[in-house]
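Below is one structure, written out as structure tokens; the observations come after it.
The values are calculated or read from the model by the stated rules, or taken from the named source; none is laboratory data. It should be emphasised that the depicted structure is a prediction, and the values quoted were computed from it without experimental measurement. Virtual Cβ from ideal backbone geometry, glycine too; neighbours counted across all protein chains shown.
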Amino acid sequence: MIISDEQAYMAATQLATSTYASIDTIGPKVGDDVIQRARLAALRAPDAREDRIMDAKTRLLAGLPNSTEIATKMVARILCDALR
């Protein structure tokens with residue numbers, strides 16, 4: 001998923017202004033049957049998404065992003081992942 005500038009800003013604001021529980025205390029416990037079904041689904045999934053590969057190739061043919069664009073997206077991804 002591509003993170004927008006607005007999402008990155010909201011994530012940074014959330015991280016800077018609040019405290020939240022650890023991952024162990026969030027949500028209900030998941031049963032073994034759910035975990036087993038998730039494992040089976042993951043094993044059945046393809047190793048690569050061809051549509052994403054073609055999209056990446058198309059973007060590369062249009063020109064490489066500059067270092068600022070790459071850094072911005074990396075920081076945005078890190079901020080949003082920190083909230084999950």
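Scanning the stretch 29-55 for residues being closer than 30 Å to Asp5 by Cβ and surrounded by fewer than 10 Cβ atoms within 10 Å (Cβ to Cβ) gives a total of 4.
Checked against the criterion of being among the small types (Gly, Ala, Ser), at pLDDT below 85 and within 17 Å of the chain's Cα centre (by Cα), the candidates Ala82, Ala48, Ala21, Ala76 yield just one match: Ala48.
Checking each residue in the stretch 57-82 for being free of Cβ contacts under 8 Å to residues at least 40 places away in the same chain, within 30 Å of Ala16 (Cβ to Cβ) and either touching a Ser or Thr at 6+ places or on another chain (Cβ under 6 Å) or hydrophobic (A, V, I, L, M, F, W, C) (or both) picks out Ile70, Ala71, Met74, Ile78. When you look at Ala62, is it modelled with pLDDT of 90 or more and either surrounded by 10 or more Cβ atoms within 10 Å (Cβ to Cβ) or not β-branched (Val, Ile, Thr) (or both), yes or no? Yes; evaluated as a whole, the condition is true for this residue.
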